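Remarks on the structure that follows.
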Amino acid sequence: MSTLSIGDLQARFGSENVEFFAGPGQLTALRIKNDFGTVEMTLHGAHVMSYCPAGAVPVLWMSSKSMFQANEPIRGGIPVCWPWFGPDPAGKFGGHGFARVSVWSVSSVSKSPDGQNTVTLVLTEKDVDAKFDPQPFKLELSVTLGSALTVALKVYNSGTDNLAYSGALHSYFNVADSAAIQVEGLADCEYSDKVLNVESVQSGAVVIDREIDRVYRRTSGIVRVVDPVFGRVIRIAKSGSTSTVVWNPWIEKSQRMPDFGDEEYHTMVCVEAANAPGAAADDRVLSPGAMAEIRQMITLE
Ligand code: BG6
């Protein structure tokens with residue numbers, strides 16, 4: 001776990017484009033700011049809180065009710081779900097794994113000749129609360145701010161046994177009116193509908209006209225969030241992910257979640273680059289010494 005103070009982090013990794021600061025809830029945070037835009041993230045969860053391309057309305061959504069507390073997930077931005085997606089397969093802990101509630105360390109900060117900045121954070125089993133009793137692993141989360149926001153999660157099996165996991169880059173997108181958007185790029189994909197509890201096949205674009213919680217299988221193409229009110233298209237490309245999750249909690253589930261405003265479902269949609277459990281093709285098993293990467297690239301068209 002990072003034990004460096006904000007001053008130490010700034011001295012070691014700060015630059016004209018990367019600044020460390022006390023974020024919401026006093027969580028240690030950093031800001032990347034360059035000609036392409038601004039990104040803010042916390043070391044808690046290696047969590048991207050915000051992404052604003054220069055001159056644009058924020059691309060990522062953050063709940064006004066989000067907790068910013070140790071051991072609690074942040075509601076919005078890009079939670080890193082790992083080593084499980086959805087309910088804990090062992091039935092002991094909460095959803096979406098421990099990576100999003102653990103404190104990561106800064107491993108490197110760099111700048112490319114074309115002016116892109118990259119920050120890489122790292123998490124190993126030694127940084128995780130002992131109650132989770134994790135197998136040996138190393139995660140590296142790299143965030144690059146260029147003409148796209150690129151988020152890449154590398155998973156290393158640093159142990160001597162196979163490492164089985166699922167996970168996701170659980171991105172929340174900021175939209176003007178969720179009922180007016182179209183989520184393109186998933187037509188004809190098979191999906192599990194977690195609300196209706198049925199398997200189905202997508203016809204045309206996804207529209208948000210009720211609670212939507214779907215795991216689309218065998219997806220690799222580009223997904224576009226077409227927002228006619230903001231007059232823009234968010235383009236989401238990915239690799240190393242076999243499923244795409246689309247989620248909007250709609251009315252009742254919003255009211256049930258303490259860290260989600262009752263009306264906030266109007267302004268968000270999640271499009272998640274996932275390796276969800278359930279179908280064999282989605283299961284991830286890394287042999288000792290092996291590495292896998294899941295990557296999401298977000299741009300405005
Ligand atoms: C989505 C799941 O990925 O995350 C939903 O498909 C879930 O079922 C949502 O409600 C939010 O999860 P959490 O644990 O952050 O409240």
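Springs between Cα atoms under 10 Å define the GNM used for the chain, and in it the highest mean-square fluctuation of Gly25, Gly37, Gly45 occurs at Gly25.
The modelled label-to-label distance between Ser5 and Thr38, using points 7 Å beyond Cα along the C-beta direction, is 2.6 nm.
Annotation for segment 226-297: chymotrypsin sites (Phe, Trp or Tyr not before Pro) lying in DSSP loop with at most 13 further Cβ atoms inside 10 Å of their Cβ do not exist. In whole angstrom, how far apart do the alpha carbon centroids of segment 67-97 and segment 129-207 sit? One Cα centre to the other: 12 Å. Using R0 = 30 Å, the C-beta based FRET efficiency linking Ile251 and Gln26 works out to 0.35.
Please identify the GluC sites (Glu not before Pro) of segment 8-84 that satisfy two criteria: DSSP loop assignment and at most 13 other Cβ atoms within 10 Å. Which are they? When the GluC sites (Glu not before Pro) of segment 8-84 are filtered for loop state and at most 13 Cβ neighbours within 10 Å, Glu16 remain. Here's the list of lysines a cross-link from Lys253 could span, going by alpha-carbon distance under 20 Å and ignoring same-chain residues fewer than 8 apart: Lys65, Lys194.
Between Asp114, Asp188, Asp88, the GNM of the chain built on Cα springs shorter than 10 angstrom shows Asp114 fluctuating the most.
What number comes out for accessible area per residue over the chain if the probe is 1.4 Å? Units Å², please. Could you put the intermediate results ahead of the total?
Details: 12540 Å² over 301 residues.
Spelled out: the 1.4 Å probe surface of the chain, per residue, equals 42 Å².
Note on Gln135 and Ser203: the model spin-label points, each 7 Å out from Cα along the C-beta direction, lie 4.2 nm apart. Taking 0.36 nm per residue of separation and subtracting the current Cα-Cα distance, fully stretching the chain between Val57 and Ser107 would add 15.0 nm. Taking the charge dipole of the chain about its Cα centre, with +1 at Lys and Arg Cβ atoms and -1 at Asp and Glu Cβ atoms, the residue from Phe21, Met49, Val80 reaching farthest to the positive side is Phe21. Placing +1 on each Lys and Arg Cβ and -1 on each Asp and Glu Cβ, with no other charges, gives the chain a dipole about its Cα centre of roughly 420 debye. The value of relative contact order for the chain, using C-alpha pairs under 8 Å at least six residues apart, is 17 percent.
Under the rule of -39500 (n - 2.57) per DSSP H run of 4 or more residues, summed and divided by the residues of the chain, what mean residue ellipticity at 222 nm is obtained, to the nearest 500 deg cm²/dmol?
Working: 2 runs with 15 residues, N = 301.
For the chain, the value works out to -1500 deg cm²/dmol.
Of the accessible area of the chain, computed with a 1.4 Å probe over protein heavy atoms only, carbon and sulfur atoms account for 50 percent. Specify the residue with the greatest mean-square fluctuation among Ser171, Ser50, Ser110, computed from a Gaussian network of the chain linking alpha-carbon atoms under 10 Å apart. Top of the fluctuation ranking is Ser110.
The values are calculated or read from the model by the stated rules, or taken from the named source; none is laboratory data. What you see is a predicted model, and the numbers here were worked out from it, not measured in a lab. Glycine also receives a Cβ, built like all others from the backbone with ideal geometry; neighbour counts cover every protein chain displayed. Surface areas here come from the heavy atoms of the whole protein model, side chains and all, with no ligands, DNA or RNA. Shrake-Rupley method; radii C 1.70, N 1.55, O 1.52, S 1.80 Å.
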